[in-house]
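Worksheet: the structure to be examined is printed underneath.
The values are calculated or read from the model by the stated rules, or taken from the named source; none is laboratory data. If you're wondering where the values come from, they're calculated on a predicted model, not measured in any experiment. We place every Cβ from the backbone using ideal geometry, glycine too, and count neighbours over all the protein chains shown.
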Amino acid sequence: MKSNGNDQINLFSYYPEETTDPIGIEIPDAIGVVQASFKKCVTTNWEELFDGFDQLYAITFSSGMDFVNKVVSKFSHSEIIFGCEGVMNNDAAAIMAMQAKVIQNYARRKSAKAMAERIAEGTLELFVSRDTKSHEKIYILSSENGRTRVITGSANMSRSAFGGIQRENILCFDNDTPAFGHYKGLFDEFKETCSDTVSFKTILSMIGDEDYLEDNIQDIPILKTVEDKKMIILEDTKDDMSDAELVAGIKGFEAELKPMMPKQKKENGRLYISGEAIREVKRKNK
């Protein structure tokens, strides 16, 4: 990296194209960083944020299908890639299991039939990720009159995220041609190389039988892709996947703790835990 003359490191002066230099010394892997300028922070709601556009292209994780259906209803054409951040392995079995469970979860929702009808009409395309390392949340909006908007940050496509229930970091680029081109390129690449199509037949079959994919694994999206393309490449997971392991560990310990927990007071969407309740937990633990 280079100094900017004020003894500060210039983050954007160094983008290595290779991970090793000519003499074999390892160079840290490069990451893409979007340079942006802060204009202002405004208060709005999810309906205004998604209003006035015709096409939607989205990558989201941990989504609420009924909320997704409300968002999609605003657009004449939508393409959405669903992912799952809780997968610890990147092998075929883990990805197959993840895809089956993600589709099963969405097929249980009351909006599943409406989504299936949109797929049949060709106005909605759904995909499931096979890349366990992706954490992108991107929403790319465009209209027939040329207006564009890119929404990115921490928010998944859920009511909790876009309904003000939980704090999120939401960034918006309006009518920014370079931003639109950059994020649409990321979406297109992800769709082509890291996701598989969810068919109308699969959604419809799972509405009638939520265990359909467990009994018909040949219809799991990744296997359909392999059948069509003859071969796909999965990235080797070399990291320790500590985040996924942490989630698994939390879930296991949560199950152990629940029997010890007393009934908690709930008021205005908040849970209250008293000192007496904590003493009761300690007594049960002993």
* **Pairs, first within 13 Å of ALA155 (Cα to Cα) in region 49-63, second surrounded by 15 or more Cβ atoms within 10 Å (Cβ to Cβ) and acidic (Asp, Glu), C-beta under 8 Å, six or more apart** => ALA58/GLU79; ILE59/GLU136; PHE61/GLU85; SER62/GLU85
* surrounded by 16 or more Cβ atoms within 10 Å (Cβ to Cβ), outside any helix (DSSP H, G or I) and in contact with a helix residue (DSSP H, G or I) (Cβ under 9 Å, 6 or more places away or on another chain): does that describe ILE165? -> no
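Determine which member of the set LYS101, LYS74 is at pLDDT 90 or above and surrounded by fewer than 17 Cβ atoms within 10 Å (Cβ to Cβ).
On the way: LYS101 fails: at pLDDT 90 or above.
The unique qualifying residue is LYS74.
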* Does at least one position in region 137-146 carry a residue that is buried (at least 18 other Cβ atoms within 10 Å of the Cβ), among the small types (Gly, Ala, Ser) and modelled with pLDDT under 90? -> no
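Let's see how each residue does on (1) more than 21 Å from GLU48 (Cα to Cα); (2) touching a Cys at 6+ places or on another chain (Cβ under 9 Å); (3) not in a strand (DSSP E or B):
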{"position": "ALA161", "(1), (2), (3)": "no, no, yes"}
{"position": "CYS172", "(1), (2), (3)": "no, no, no"}
{"position": "ASP188", "(1), (2), (3)": "yes, no, yes"}
{"position": "THR197", "(1), (2), (3)": "yes, no, no"}
